[in-house]
1. Cβ-Cβ distance below 7 Å, separation of 6 or more or different chains: which pairs start in the stretch A:30-42 with a residue that is at the interface with another protein chain (Cβ under 7 Å from one of its Cβ atoms) and end on one that is assigned to a loop (DSSP other than H, G, I, E, B)?
2. Restricted to the stretch B:42-82, and to residues that are farther than 30 Å from residue B:126 by Cα and more than 14 Å from every other protein chain (Cβ to nearest Cβ), which residue is modelled with the highest pLDDT?
3. Of everything in the stretch A:1-43, what is in a strand (DSSP E or B) and farther than 24 Å from residue A:87 by Cα? Give them in sequence order.
4. State the number of residues belonging to the stretch A:52-65 that are within 16 Å of the chain's Cα centre (by Cα), modelled with pLDDT of 85 or more and either within 14 Å of another protein chain (Cβ to nearest Cβ) or farther than 11 Å from residue A:6 by Cα (or both).
5. What are the residues in the stretch A:8-22 that are buried (at least 18 other Cβ atoms within 10 Å of the Cβ) and within 14 Å of chain B (Cβ to nearest Cβ), if any?
6. Sort through B:145, B:236, B:224 and tell me the only one that's in contact (Cβ under 8 Å) with a residue 40 or more places away in the chain and within 12 Å of chain A (Cβ to nearest Cβ).
7. Specify which of the listed residues (B:71, B:34, B:97, B:5) is out of contact with any helix residue (DSSP H, G or I) (no Cβ under 7 Å at 6 or more places or on another chain) and not in a helix (DSSP H, G or I).
8. For the structure I just gave you, tell me whether residue A:116 is more than 14 Å from chain B (Cβ to nearest Cβ), more than 21 Å from residue A:31 (Cβ to Cβ) and assigned to a helix (DSSP H, G or I).
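The values are calculated or read from the model by the stated rules, or taken from the named source; none is laboratory data. The structure displayed is predicted, hence computed values, not measured ones. Note that we place each Cβ from the backbone using ideal geometry, even for glycine, and neighbour counts take in every protein chain shown.
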């Protein structure tokens, strides 16, 4: 079976590099399943887990802010941050989630950047989801 | 001639200074090491993003985006990367000097440009010259994160979109090696020249639309340019500081050697004089 070469790159370095049978990402318009030989495509991504199917199993990577570039034989995800399950600090993500939720609750009364809190919540949720796979 | 005690004090004080400069040199060396590793880790990201942007630009689409739009320049913004701390040799001064020279040639009045400044020293220098400061960032960590500069990038991009500025350039010290740093100016906005030609010549599908992709991609590209410059500048800063401190240490060693000779000579003179006096005194008794 043919595979596609996936690399997930962030400003802090390459987080994931390998051959994948299927890469499943969530773009701003919806889920995208990318198989080898996909037509060239560029799409912005949601802050969400990226699922990578390889011959040895499924890997999850938490990705936030970025986009995916697809070529027939390569898939590149350029993100502001990306983490493998083993790199995620569960407790920190949990506190971040609680903090974001609390800020959203208070947002009505006080001057709080709602958008920022929402993004923070999304990041925390993504991390927790990915961390479960550990 | 200085007394023995004065020379001794001088030597001791220089010794202490030398300890400090030596320590700072070693700290800078290790920081430089880390900054360079950081830059290296960042390299693939910037290369990839450049590749994608270049291939989109090369596919000659008719999509427009405010960041691609070139217009007559009325107001220019400069991002300048200085350091927060001194003791880095000519790091800040040479950047500031060439900047002042350039703007004086390029602009006829101070209305025509403004600066987004990173680093306390630069801010103080610019303030003294009454230059418009749009925004300032101080107290950046030695290994700055992408988050740290997001605000200024957003500010710059927004200003450009609102047509408050028509051009954005970045000034920083480019790291060549620990001894040499070159003052560099790079154009960030409008995004026009994508240096490398894309060899693959792909034509992409855009999901959901070309505009939406550019909307996300271009600010991220601008961010990556600024962040890259910042990492480069940080490496330069540590390189400059390391070199400055190592020459300070060398100077201190030189002074100590010199003063030690003076000290010994003075001590010898004092001993000789005492002996002469004793001998003279004894001779007088006979």
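1. Hits for this filter: A:40/A:71; A:40/B:202; A:40/B:203; A:40/B:204; A:41/B:204; A:41/B:207; A:42/B:204.
2. B:64
3. Result: A:4, A:30, A:31, A:32, A:33, A:34, A:41, A:42, A:43.
4. Count: 7.
5. Once the filter is applied, which keeps residues that are buried (at least 18 other Cβ atoms within 10 Å of the Cβ) and within 14 Å of chain B (Cβ to nearest Cβ), the stretch A:8-22 yields A:8, A:9, A:10, A:11, A:15, A:16.
6. Checking each option against the conditions leaves just B:224.
7. B:71
8. No, not satisfied.
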